[in-house]
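The values are calculated or read from the model by the stated rules, or taken from the named source; none is laboratory data. Keep in mind the model is a prediction, meaning the values are calculated, not measured. A quick note on method: Cβ atoms are made from the backbone with ideal geometry, for glycine too, and the neighbour counts reach across all protein chains shown. The protein model used for the area step is the full one, side chains on, heavy atoms only, and it has no ligands, DNA or RNA in it. Shrake-Rupley method; radii C 1.70, N 1.55, O 1.52, S 1.80 Å.
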Amino acid sequence: MVTPRLRPAATVSRLTRVVWAVLLLQLLGCGPSPDTSPPRAITYTFDAPTRELIRLLAEKAKSSVYQDFDRNFKGILVPESLLPYEPFVLGLSTESKIPAVLLLDAPWVQRYGVAGWLHELGRTDIFDRSELVPSVAEAFSVSLTHITGQKGKQLVAVPTYIKGNILFYRQDILKRYNLAPPRTWEELRAICRKVLPQEKSLKYGLLIHSTNVLNDFYPIFWGFGGQVNNDDGQFVLSDKPNAEAFVAALKALIAMQGSIMPGPGALKQFDPGGSLRQAFFQGQTLFMINWSTRMKDLGDLIAKGGGQPPGSLTSFSQVGVAPIPAQAGHPHRYSNIGSFGWAVNRFSVTDPVVIEHAKQFIGVVAGEQFQLLAAETMGQVPSLVRALKKVTNKEVLQVYNDTFAQKDMVMRPRPHSRRINNVLEKVLDEALNGRQTPEAALAGALAELKKDQTSD
Amino acid sequence: MNTSENFIRYSLRNRLFVLAGATFFLCALVILLFFPLLNLTLEGLQNRTINSMQAAAEVEATTISRLLVLEFSSLKGLLKVTPASNTETDQWIKDLLWEKVTFNEIIEGVELIQGQKDAEGRHLTYLFYRREAPELKPMPGPQKIMKSFQGLEKDLINSITTQQRVDNTIQESVNRGPKAEGEMLLRYMPVHVLLADEGAVFWGVAKIGIDTNRMRQLLLIQSQEQTNIRWNIWVEMILSLFISGVLAMSLIYFWVRHITEPLRTLSMVTGALQGAKPEDFDLWLENLKRVDAQGQAEVVVIQKVLERLGTAVPKLGQRLIDGEARACLGKVIARGLPVFQARQAQLQALEQELGHGEATGPAHQTLTLVRARIDMVFDDLSHLWSDPKDQWDRIDVTPGLQRAWRLATIGLPAEVTQHQEFAPLPPVWGSEAKLTLAGLYLLAFAVDLVPPAGELGIKVETSPAGGVRLTVWVSGNPRSDAECQGWLNPFGDPGRIQGSLGPALAAAIASQHRGSLTVAPRESGGAVFSLELPPLAASQEPHEPVI
């Protein structure tokens, strides 16, 4: 006879009792305590354009993401008077947790990133670098090997648009002469020599800024193979190849003065803001180095139309854009990037919730909808690849396709040291105004910078 | 083993007391086990509190340091100082340090260390420490010196100078333990000077000492509080256990008493049967009926069964006494049967010899004597065999005892020497039939003991107390006291119930008449049975009726 096995039934019964006991314990208050902590909002640096776009999206998209923006994210207004002092250096260098998310100019991203103050975004899944246009993603990446031990560059900020200085040219004139936009300075000079004598309305072959000329000079300098700082942020301008490139680039500009560019005496007339694009709009120059965002300004001027002198632009089709030329034989052409990007304060990341909130914030202010609206209303070039595919603004696409999408285009931020930039700006001014030779100007700059051993 | 002691020790009530007490102490022990757990919990709480206080102190130190650094960031003069200079800027910086350290109790000291170092690795340093520690000499005032840093501190300052930010990993290792400047929490912060045209320009490091005495005092207070809490909880636990123990034991005592009372009473009533005399049996039965079972089923069942037994036992006893009397008479008759037959034969022979005529002479006298003897035997038997009414009265026991003697000695071998001595007796109060039976029981028992050529005797006399004493003795083998007492208690060993219950029944009859029966061994062998009856009480004396 087989004895019935009661053990399984008893086990099941016991298990049932245990389950009931656990459930009852929950009812008795032995369960996990309810999460009573209020939802935390993260802080970010407040800026007007972002706020305006968020407002527009809240009205248009009717999305709760944008409508509840102020509830979820607290903006910190930075007075403009403080910006020159780089106030966040104090906070971040002392490991302050505020603000959690910062809108930083590209050079600041480099400085803060190398110092280890910014959180790497790709490795922590806050943002996937492959969603960005590669050239702009590279400009917002830094090497964190000395902090994280990981080789290669890490994305530390997400740009919301692409801005850099580029070469504007009269597309209609070059077409008329069946000329392609120049890739080298020699080509530019050749075009000018050919066109200028025949186009009497053109006063200049090339115009660059007379104030803050350093911004225009850097891509030219880089196109000659020079660097002020290396990738680790160390000052290398005094190295021979860089010094020679500096002098060569400066000499190239000086050589064009008086024939292609305005001479030292004529530079003053371009000091007022907007005078450069006005001159281009009025048809005074064949080429102009300016920020890519000036395309929208030119469009506005063309749209205004009447009352302008003869030869002024009447259509966007007359405007062409290309990367700033480089020295013959150099593989890349450069743009001094002027984009701002959202970065995460490394010291604010005290728990995963902060990372999640930062991810949500960046997803909102650098998202597809945001960038598309900025492209259509402000003429900004999106930094997201998928946003670029949906852009309908022809001028934006023209700027992107003809400049930033070029294979040899490299976007690079200027050196973050204000002291270096100030000194170089000063010596450039001296040289372009004929008060110093390029060699003497460089030597003077290096001597002045060497005095400060602790310069960053 | 003392039965009474055992009863007390093993009674249900005491067992319940012991079990309840043991259960309570077990529970108390389990509750007391919480004390070590409480200690562990408090220790964990203390550790967590210490950690959180330390973290809070560090946050506070960082905040204070950051505020100081923010203030230093406006010192544009810092960018102009040199080791060799002794300008107003130097004095202004020193004065600022003096103000910060002197008027802020929580700031123990400040060092402003220039990031740039000279060829010997020394840094231009402005420093001032309040130095409240008794083992340290007070610092005269803020100083500007060239200072060398060593070990981890040197690494930290170099790291800050290179990266221009705090490195918590190194900072914590530098901050741990007492410092040469006194025991304080040190914070190292990079100092940037803010310039409108150059931005935030790195200058050096601010080393700020934060007073930790306040935190130590808090820790001490917390430790004392925890000790107090521990003692209070311990005392409260002991007190509550004591009170609850007293309450529990009191309640348990009353409950157990209440619950076990019916069983205890029943047990005592039942136990009383052991020492009860036959005449107490009715009283015992009455007591048994009076036991209050209080509805306890077990007690009710036992009580009912005992009542049934108590009702049946007297009837069985009566049947046993009756049966024993008949058995005793039967035995006497059986023993005297040869004598009766011989006398019958002698009687027939004499009657044939004498014929039916009226004759006189010796034969005729013999015939008359034989007839008288036979009649006496039958008369004695008829007195004892009959079931006389159990009448109690003032009686003379002599005739009955003589009948018993005559019947008991019928058929005794001629070799047995018989002694009889009947003295005049005072009257006693009792049942003649029962007392005669008692004598017969003793004599029949003694006849069974007498050896072939032994002695058997009876003596009836007035006892010294004025009553009646019946003494029956018999010769024979030496007897022990235990054996003699065993005759009186035939049910003492339920496994060995002896054949005759005569002595026991005689003792019961004596006891019924407020007398007693004792049995003792004879020095020359055999045994002596002595039955004493009390004299008449005053109320039993005859008196004239009062008219």
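Quick look at the values:
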quantity: Extreme residue, surrounded by the fewest Cβ atoms within 10 Å (Cβ to Cβ), among residues of segment B:110-122 that are in a loop (DSSP other than H, G, I, E, B) and of a type in the set (Asp, Glu); calculated: B:Glu120
quantity: Residues satisfying the stated conditions in segment B:518-547, i.e. at pLDDT 85 or above and among the charged types (D, E, K, R); calculated: B:Arg522, B:Glu523, B:Glu532
quantity: Cross-chain or 6+ apart pairs with Cβ under 6 Å, segment A:199-210 first and among the aliphatic types (A, V, I, L, M), then in a strand (DSSP E or B); calculated: A:Leu202/A:Leu286; A:Leu206/A:Met261; A:Leu206/A:Phe287; A:Leu207/A:Thr285; A:Leu207/A:Met288; A:Ile208/A:Ile289
quantity: Which numbered condition B:Arg290 misses (of (1) surrounded by fewer than 16 Cβ atoms within 10 Å (Cβ to Cβ); (2) of a type in the set (D, E, K, R); (3) modelled with pLDDT under 90); calculated: (3)
quantity: Qualifying residues in segment B:190-229 (those that are part of a loop (DSSP other than H, G, I, E, B) and crowded, with 17+ Cβ neighbours inside 10 Å) - the one farthest from the other protein chains (Cβ to nearest Cβ); calculated: B:Thr212
quantity: Selection count where residues are more than 18 Å from the chain's Cα centre (by Cα) and either within 14 Å of another protein chain (Cβ to nearest Cβ) or modelled with pLDDT under 90 (or both), scope segment A:112-136; calculated: 6
quantity: Residue among B:Arg406, B:Arg469, B:Arg394 that is in contact with a helix residue (DSSP H, G or I) (Cβ under 6 Å, 6 or more places away or on another chain), open to solvent by 20 Å² or more (accessible area, probe 1.4 Å) and of a type in the set (D, E, K, R); calculated: B:Arg406
quantity: Residue within segment B:352-365 that is part of a helix (DSSP H, G or I) and touching a residue at least 24 places away in the same chain (Cβ under 8 Å) present; calculated: no
quantity: Conditions (1) open to solvent by 50 Å² or more (accessible area, probe 1.4 Å); (2) touching a Leu at 6+ places or on another chain (Cβ under 6 Å); number of the one not met by A:Arg71; calculated: (2)
quantity: Answer residue from segment B:10-50, given it is within 23 Å of B:Ser250 (Cβ to Cβ) and basic (Lys, Arg) and is most open to solvent (accessible area, probe 1.4 Å) among those; calculated: B:Arg15
quantity: Pair list, Cβ < 6 Å and 6+ apart or interchain, from segment A:291-320 residues that are open to solvent by less than 30 Å² (accessible area, probe 1.4 Å) to residues that are part of a loop (DSSP other than H, G, I, E, B) and at pLDDT below 95; calculated: A:Ile302/A:Leu313; A:Ser312/A:Gln282; A:Ser312/A:Gly283
quantity: Boolean, A:Asp216 is open to solvent by 10 Å² or more (accessible area, probe 1.4 Å) and part of a helix (DSSP H, G or I); calculated: no
quantity: Subset of segment B:64-106 that is of a type in the set (Ser, Thr, Tyr) and part of a helix (DSSP H, G or I) - its residue that is nearest to A:Tyr85 (Cα to Cα); calculated: B:Ser65
quantity: Unmet requirement for A:Val109, which otherwise passes all of (1) away from chain B (no Cβ under 12 Å); (2) over 23 Å from the mean Cα position of the chain (by Cα); calculated: (2)
quantity: Residue count, segment A:422-444 (criterion: in a helix (DSSP H, G or I) and more than 14 Å from chain B (Cβ to nearest Cβ)); calculated: 13
quantity: Residue that is in the same structural domain as B:Gly323 (by TED's automatic domain parsing), modelled with pLDDT of 90 or more and closer than 26 Å to B:Ala276 by Cα, where the choices are B:Gly515, B:Gly486; calculated: B:Gly515
quantity: Given (1) modelled with pLDDT under 95; (2) in the same structural domain as A:Pro262 (by TED's automatic domain parsing); (3) over 22 Å from A:Met411 (Cα atoms), index of the condition A:His209 fails; calculated: (3)
quantity: Per-region count, segment A:405-454, residues assigned by TED's automatic domain parsing to the domain that holds A:Gln227, farther than 22 Å from A:Val89 by Cβ and open to solvent by less than 20 Å² (accessible area, probe 1.4 Å); calculated: 8
quantity: Any hit, segment B:269-286, residues being at pLDDT 85 or above, outside the structural domain of B:Ala504 (by TED's automatic domain parsing), outside any helix (DSSP H, G or I) and open to solvent by 60 Å² or more (accessible area, probe 1.4 Å); calculated: no
quantity: Filter pass, A:Leu214 being closer than 30 Å to A:Ala115 by Cβ and outside the structural domain of A:Gly299 (by TED's automatic domain parsing); calculated: no
quantity: Sole exception among (1) of a type in the set (A, V, I, L, M, F, W, C); (2) within 13 Å of chain A (Cβ to nearest Cβ); (3) open to solvent by 20 Å² or more (accessible area, probe 1.4 Å) for B:Leu136, by number; calculated: (2)
quantity: Subset of segment A:83-101 that is more than 7 Å from chain B (Cβ to nearest Cβ) and open to solvent by 20 Å² or more (accessible area, probe 1.4 Å) - its residue that is modelled with the lowest pLDDT; calculated: A:Leu83
quantity: Scan of segment B:65-109 for residues that are open to solvent by 30 Å² or more (accessible area, probe 1.4 Å), within 14 Å of chain A (Cβ to nearest Cβ) and aliphatic (A, V, I, L, M), ordered by number; calculated: B:Leu67, B:Leu70, B:Leu79
quantity: Hits in segment B:155-189 - residues which are in contact with a strand residue (DSSP E or B) (Cβ under 8 Å, 6 or more places away or on another chain), away from chain A (no Cβ under 13 Å) and of a type in the set (D, E, K, R); calculated: B:Lys179, B:Glu181
quantity: Residue selected from segment A:375-404 under the condition open to solvent by 20 Å² or more (accessible area, probe 1.4 Å) and polar (S, T, N, Q), by the criterion farthest from A:Leu53 (Cα to Cα); calculated: A:Asn401
